[in-house]
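See below for the structure under consideration.
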Amino acid sequence: MTSVGGTEMVDWKLAVATATRLVRPGPEVSRDEARDVVAELRRHAIASEEHVRAFTRMTHPEGSGGAQPPVLVVDRAGWVKANVAGFRALIGPLLGKMQDKRANAPAGAVLGAVGGKVTGVELGMLLSFLASRVLGQYETFAPATRDLPGSPAGGGRLLLVAPNIVQVERELDVAPHDFRLWVCLHEETHRTQFTAVPWLRDHIEGEIQGFLGETEVDPATLLERIREAAQSLAGGRPPADGEERGGRSIVELVQTPAQREILARLTAVMSLLEGHADYVMDGVGPQVVPTVAEIREKFQKRRATGAGRLDAALRKLLGLDAKLRQYRDGERFVRAVVDEVGMDGFNRVWTSPNTLPTKAEIAKPADWVARVHGRADG
């Protein structure tokens, strides 16, 4: 499925090797300090589960057995390996479709010239950029491996990237213990979302596969997008003036009306999930994180500014600026709904796919309240 003419379209092993070789080294810590950080993150992850469930009033459905996806504290290389596995599993159908088009399409010659190894190197460069920025991640779709176990029920694990957490807490000059718990509260909220709402994983996967199934982009165009990002990262293609505002992200290669509709639904649900996690981490924070106000102020400023023009251009190309908007818009939606109908009223959002907010409702929470609760704000 991932090969064309006997040559892999993406050399996944080379992508991992490239990313782990190029990723920037983490902060300097002693062996004892590293051991303490890992142990503390694991303790905070356990404590966060109780805090999040009490605040959100979200529990395991009856008959689920209460099995929780594992919490894995990883380094940057571990994050790369986990994400390559998930990425490979998720886009397999798209690669199959691209393979079918390869035989008769003009893009076939370009693919043959680029080759799976070049594509693997370029993907690895992108992963090396991201691997030093992610603090934590709930992996919904990645398959379980010997090194990276998954949920006993199939799918799902929580990753905490220890070196990145240490680096950011030092950059922000905040209390390490408070910051680590604050991060765990956000990521634990994501784990709670998927364990307490069993239909959510299949719904999102179905939307993603529907999006990929409608893809009409030719292989050359997709590979060119990867190459643009990789060349920017390597310094070979400086961003043009205004590119971070006008350039297209990889996810914006949308060519059909059906894809636009799917992308709107995915944007809404991801805004909900990210905004809910931000709302919860700040809602629980004052009870258990004494310096939460200082952490939020400094972290928000860091999240908004990034690290300069190159970072801004790459964030645009990879769609990361859209993710920043999802945090902001989603948190506003959750806060407005909870203020109007309370936490139990908000939790009706998890009833079924039909009660998820639309993209328009994320921007106008009162419309969601009126549709689901039968009354408008006020």
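The values are calculated or read from the model by the stated rules, or taken from the named source; none is laboratory data. In this text, all values refer to a predicted model and were calculated from it rather than measured experimentally. Don't worry about glycine lacking a Cβ; one is built from the backbone with ideal geometry, like all the others, and counts go over all protein chains shown.
If we scan segment 11-31, do we find a residue that is among the hydroxyl-bearing types (S, T, Y), out of contact with any Asp or Glu (no Cβ under 6 Å at 6 or more places or on another chain), at pLDDT 90 or above and over 30 Å from V121 (Cβ atoms)? Yes, some residue in segment 11-31 is among the hydroxyl-bearing types (S, T, Y), out of contact with any Asp or Glu (no Cβ under 6 Å at 6 or more places or on another chain), at pLDDT 90 or above and over 30 Å from V121 (Cβ atoms). Would it be correct to say that R245 is modelled with pLDDT under 65, closer than 23 Å to I91 by Cα and basic (K, R)? Here the answer is no, as R245 does not meet what is asked. Contact map, segment 109-134: first residue within 14 Å of D11 (Cα to Cα) and in a helix (DSSP H, G or I), second residue modelled with pLDDT of 85 or more and among the hydroxyl-bearing types (S, T, Y), Cβ cut-off under 7 Å, separation 6 or more or different chains; pairs are G120/T18; V121/T18; G124/T18; M125/T18.
Restricting segment 278-320 to residues that are at pLDDT 65 or above and of a type in the set (G, A, S), the residue that is farthest from the chain's Cα centre (by Cα) is A293. The residues in segment 336-378 that are in contact (Cβ under 8 Å) with a residue 60 or more places away in the chain and surrounded by 15 or more Cβ atoms within 10 Å (Cβ to Cβ) can be counted, and the count is 9. When segment 340-378 is filtered for residues that are under 18 Å from G283 (Cβ atoms) and touching a Pro at 6+ places or on another chain (Cβ under 9 Å), the ones remaining, listed by number, are E340, V349, P365.
Residue-by-condition table, conditions (1) in a helix (DSSP H, G or I); (2) within 19 Å of the chain's Cα centre (by Cα):
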| residue | (1), (2) |
| --- | --- |
| V168 | yes, yes |
| V174 | no, no |
| D178 | yes, no |
| L181 | yes, no |
| T189 | yes, yes |
| T192 | yes, yes |
| R201 | yes, yes |
| G206 | yes, yes |
| F211 | yes, yes |
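Every condition in (1) more than 30 Å from E122 (Cβ to Cβ); (2) loosely packed, with under 15 Cβ neighbours inside 10 Å; (3) modelled with pLDDT under 90 is met by G92 except one, and the failing one is (1).
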